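To start, the structure under review is shown below, and the notes come after it.
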Amino acid sequence: MSEKTYLDAALIGSMQAGDKLTYISHGPAETAQIAKAAAQFAKSGDVFCLDGDLGAGKTFFSQAFGAALGITEPIVSPTFTIVSEYEEGRLPMYHFDVYRIEEIEEMDEIGFDEYVYGTGVTLIEWALRIEEILPQHRYAIAITRSDPQNESERRIEICKY
Ligand SMILES: Nc1ncnc2c1ncn2[C@@H]1O[C@H](COP(=O)(O)OP(=O)(O)O)[C@@H](O)[C@H]1O
Ligand SMILES: [Mg+2]
């Protein structure tokens with residue numbers, strides 16, 4: 001399987017269901033380019049699931065994605081509020097961090113379905129924690145440290161379902 005760099009980020013726009021793309025990012029700026037490409041091709045109703053360890057870059061990716069949509073206010077991790085809404089960009093952006101969810105029912109209370117089947121684009125950090133309720137149509141983005149010797153390198157694997 002070939003590994004792409006940020007220079008091929010536009011490939012995200014042509015992904016079909018079942019496709020998988022793997023990028024190697026050598027630093028935050030390259031991850032931002034990949035997030036930017038994803039944002040440029042994002043459409044109403046798209047769901048981007050972000051998984052990876054603490055410090056992998058899920059929030060960083062979300063910030064670059066939001067900036068590319070045209071959001072100028074600071075995007076902060078919604079760890080305690082679970083979801084933040086940003087209405088300022090090309091599309092509304094709903095940014096979840098479900099790390100603290102213990103019972104799936106909590107997501108109903110928040111109105112999860114109204115977000116993911118709504119008009120905006122949804123980003124979900126720690127999405128695998130709520131895997132059973134994720135919509136079928138989604139991009140799954142796994143971010144991992146790919147080189148133990150290099151603090152700035154990440155493998156970013158994107159699957160379109
Ligand atoms: N290649 C890279 N891509 C993304 N972030 C990186 C990269 N290299 C270093 N970093 C740093 O890793 C940190 C990721 O933090 P954050 O996005 O809050 O992680 P998470 O939300 O996954 O817990 C940021 O400080 C970012 O600058
Ligand atoms: Mg985070």
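Nothing in this text is a laboratory measurement; each read-out follows from the coordinates by a stated rule. Worth saying up front: this structure is predicted, and the values here are computed from it rather than measured. Glycine gets a Cβ as well: all are built from the backbone with ideal geometry, and neighbour counts include every protein chain shown.
For the peptides 130-137, 149-156, 60-67, the ranking by packing is 60-67, 149-156, 130-137, with the highest mean count of neighbouring Cβ atoms within 10 Å listed first.
Averaged over residues, the count of other Cβ atoms within 10 Å places the peptides 107-117, 86-96, 13-23 in the sequence 86-96, 107-117, 13-23, highest first.
Its residues counted as N, region 71-161 yields a C-alpha radius of gyration over 2.2 N^0.38 Å of 1.18.
Per residue, the convex hull spanned by the Cα atoms of region 14-87 amounts to 120 cubic angstrom. Helix 28-41 and the long axis of the chain differ in direction by around 60°, with both axes built from C-alpha atoms. Using the Cα centre of region 3-160 as origin and beta-carbon charges of +1 (Lys, Arg) and -1 (Asp, Glu), tell me which of G27, L123, H95 is placed farthest towards the positive end of the dipole. Highest projection toward the positive end goes to G27. Dividing the convex hull volume of the alpha-carbon atoms in region 3-160 by its residue count gives 104 Å³ per residue. Taken about its Cα centre, region 3-160 carries a charge dipole of roughly 780 debye when the Cβ of each Lys and Arg holds +1 and the Cβ of each Asp and Glu holds -1. Here the sum of -39500 (n - 2.57) over DSSP H runs of 4 or more residues, divided by the residues of the chain, equals -6500 deg cm²/dmol at 222 nm, to the nearest 500.
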